[in-house]
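A short worksheet on the structure shown next.
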Amino acid sequence: MNFTHYNLGHVERGGVVVVTLSGSAANVRLMDGSNFSNYKAGRRHRYVGGLAKRSPVRLPNAA
């Protein structure tokens, strides 16, 4: 599985993560550590985001 991963550290609940794309479109997912582990293992996981066609992408941290 080919992906780029950024550790944002602690993001306050209710905060917003802004992602700037350098290309046309990308799947952008915001998730916590345990969900990221599940994602890497091909297991069920929860995330905020999805296919982003415009930049910047604003993802609310509801976790």
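Taken together, the values in this text are just the output of simple stated rules run on the coordinates, not laboratory data. Predicted model only: the values in this text are computed from it and were never measured. Here the Cβ positions follow ideal geometry from the backbone for every residue, glycine too, while neighbour counts run over all protein chains shown.
Could you grab me the full set of residues in region 9-48 that are among the aliphatic types (A, V, I, L, M), closer than 15 Å to residue 62 by Cα and assigned to a loop (DSSP other than H, G, I, E, B)?
Within region 9-48, 11, 31 qualify.
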note = Going through region 41-55 in order, the residues found to be at negative phi, exposed (fewer than 12 other Cβ atoms within 10 Å of the Cβ) and within 13 Å of the chain's Cα centre (by Cα) are 51
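Among the residues of region 49-63, write down those that are of a type in the set (A, V, I, L, M, F, W, C) and either assigned to a loop (DSSP other than H, G, I, E, B) or within 16 Å of residue 23 (Cβ to Cβ) (or both).
51, 52, 57, 62, 63
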